Amino acid sequence: MPLYMGRKAIRKVPGTVIKAAPLPKFQLTEGFGSRQIVGELCREAGFHSVLLVTDQTLFGLGLHEKAVSSLKASGIRVTLFHEIDSEPTAEIVEAGRQAAISCQADSIVAIGGGSVMDSSKIIAASARHPHLPIRHYLHKFAVAEGGSLPMINIPSTAGTGAECTVGAVIKNESGVKNSSVVIGLNVAHVILDSELIVNAPVSVTTWCAIDALSHGLEGLLADVESSEEDIFKSRECVRMILENLPLVLEDPGNIEARQATLLAAHYGGNAINTQLAGYVHAFAHSIGALYHIPHGKAIAWCLIPVVAAQENQRYEELAALAVHCHLAEAQEPVEAAADKMLLALRDLLKRCGLEKGCKQLQERDYDQLTSMIDADSINYSPSRTLTDSEIRMLLDQVRRGY
């Protein structure tokens, strides 16, 4: 009980702290094939030497080549760094920093998913200060003294929204994942190019989209003071995934629907920056880590049980979301409208082919998972603090299927 009271006492602190973190102000470009304007953007910005950071998979597929051609056509010197993998380490980031220093990079172009974006943030933050070890940038708050190198971010997945977030997750020298908030991150431009995701595997498309939806949804449920713009973006995030993910699953070549999922994920990134996530992520992070389950799928299994557990505290927010998503009428009772929102989420997960219940989850691990969820939850400002017995009850629902 003392630990519970401590978590309850600091519940609103993360939401207050995040409001003090400066956010990057960037221009946004959207459209199929739009990464081909990156050279023009760099020339207009006065950049001369770019470090283009991507991962091994995208490099192997040649998806970086149009950006490289665009940069060269604009007279920009380009150096490639494509050593990023799915779980970047301090060693990989240090190699990226050295590449930036060697080519005297005055800017970073990042093409990839969350791991590329996170690595690029630390590379951009540290490149101007080669005397500081990379571990200096792996603290809870990583300060980019004088600002980072300017970045142009081009996401290759419609999920994390990491192209606009100030967070970065990197394994330290001991192999432990460190989550840092980068203070002074300079994102100059974000390009949402659906050509990069049109051939993504169904599983990647599906679970990345569910992750994006959870960002918008949890942002709305968080006990954080939000602007009208942030509320609108989070609602749009949920609406666009609800409406467009089924279209993409039916026709993977639907470019308009693909582009909409990219914008939805981008709005989800805004929610992470301004509203934080919540218990859905605390559960999914813990279950995913213990059983090596992909993040988006862990989110899918946790989504309904954890959101339903907060429904009583967030009837009005869920009802307003249902109205925004054209699932309920404004004059309906809030309880009925909120139930329609949950029903729509269940229907979407069924459409995605989610199996009933997370069979990997074992009852013998509940104590360990509860401790992990308690520890992760203090990073957020959820609508209420769950007791350990409530967490175990929800773990049981996740295991059995809600």
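The values are calculated or read from the model by the stated rules, or taken from the named source; none is laboratory data. Predicted model only: the values in this text are computed from it and were never measured. A quick note on method: Cβ atoms are made from the backbone with ideal geometry, for glycine too, and the neighbour counts reach across all protein chains shown. Only protein heavy atoms, including side chains, enter the accessible area calculation; ligands, DNA and RNA are left aside. Shrake-Rupley method; radii C 1.70, N 1.55, O 1.52, S 1.80 Å.
Per-structure values
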quantity	calculated
For region 309-345 versus region 28-92, the gap between their alpha-carbon centres in whole angstrom	42 Å
Cβ charges +1 (Lys, Arg) and -1 (Asp, Glu), total dipole of region 53-142, debye	360 debye
Cα long-axis angle, helix 366-377 against the chain (0 to 90 degrees, to the nearest 10)	60 degrees
Top positive-direction residue, dipole computed over region 1-109 with Cβ charges, set Ser102, Ile10, Val53	Ile10
Local electrostatic count at Ala260 - Lys and Arg +1, Asp and Glu -1, tallied over other residues with Cβ under 12 Å	-2
Solvent-accessible area per residue for the chain (1.4 angstrom probe, square angstrom)	42 Å²
Distance histogram in 10 Å bins (all Cα pairs of region 34-123, percent per bin)	19, 52, 27, 2
Alpha-carbon Rg/Rh ratio, for region 207-353, with Rh computed the Kirkwood way	0.95
Cα gyration tensor of the chain - equivalent ellipsoid semi-axes, whole Å, descending	35, 24, 19
Under Karplus coefficients 6.51, -1.76 and 1.60, residue-wise ³J(HN,Hα) of region 267-273 in Hz, glycine/proline x	5, x, x, 4, 4, 4, 5
Computed magnitude of the charge dipole of region 117-200 (debye, nearest 20; Cβ of K, R +1, Cβ of D, E -1)	360 debye
Helix 279-291 vs. the chain, principal-axis angle (Cα, 0 to 90°, nearest 10)	70 degrees
Length gained when the stretch Asp367-Glu332 is fully extended (0.36 nm per residue, less Cα-Cα span)	8.5 nm
Heavy-atom accessible surface of the chain: percent carbon and sulfur, 1.4 Å	53 percent
Rounded to 10°, Cα long-axis angle of helix 295-309 versus longest principal axis of the chain	30 degrees
Structure-based [θ]222 nm, the chain - -39500 (n - 2.57) summed over DSSP H runs of at least 4, per residue, nearest 500	-16500 deg cm²/dmol
Candidate residues Val334, Val68: accessible-area rank, largest first, probe 1.4 Å	Val334, Val68
Karplus-derived HN-Hα couplings along region 149-158 (A = 6.51, B = -1.76, C = 1.60, θ = phi - 60°), whole Hz, x at Gly and Pro	4, x, 10, 10, 10, 10, x, 10, 9, 9
Spin-label pair Tyr4/Glu250, simplified geometry with 7 Å Cα→Cβ offset, distance in nm	4.7 nm
Accessible surface ranking that places the most exposed of Ile152, Ile183 first, with a 1.4 angstrom probe	Ile183, Ile152
Cα-centre dipole for the chain with unit charges at Cβ (Lys and Arg positive, Asp and Glu negative), debye to 20	620 debye
Phi-based couplings in Hz for region 178-195 (Karplus 6.51, -1.76, 1.60; Gly and Pro marked x)	10, 9, 10, 9, 8, 8, x, 5, 10, 9, 7, 8, 10, 10, 9, 10, 5, 4
Which of Arg346, Arg258 is most accessible, then next, and so on - probe 1.4 Å	Arg346, Arg258
